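Each reported figure results from applying straightforward, stated rules to the coordinates on display, with no laboratory input. Quantities reported herein were computed from a predicted structural model and do not represent experimental measurements. A quick note on method: Cβ atoms are made from the backbone with ideal geometry, for glycine too, and the neighbour counts reach across all protein chains shown.
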Amino acid sequence: MGEEDRRIEELEMKLTYQEAAVEDLGALVLDQGRRLERLEEQMRRVTGKLKELEEGAQQPLPKGERPPHY
């Protein structure tokens, strides 16, 4: 095998490796994107619940009603 053939084979092997690496990284990016979307949705829900709790805590007790610890 000549020097040129050896170099071509080496380049083909490197290309094959890089193609596989790009596919793996693409799958990883898709997975991370899905995870990020789920986390953002969870954050929206938690933020909404926190706002509801804050609003409920700011409402005064009806006149004559005692707090639960009395």
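Among the conditions (1) at negative phi; (2) surrounded by fewer than 10 Cβ atoms within 10 Å (Cβ to Cβ), the only one that residue 46 does not satisfy is (2). Comparison of 12, 3, 19, 40 shows that the only residue that is under 21 Å from the mean Cα position of the chain (by Cα) and of a type outside the set (Val, Ile, Thr) is 40.
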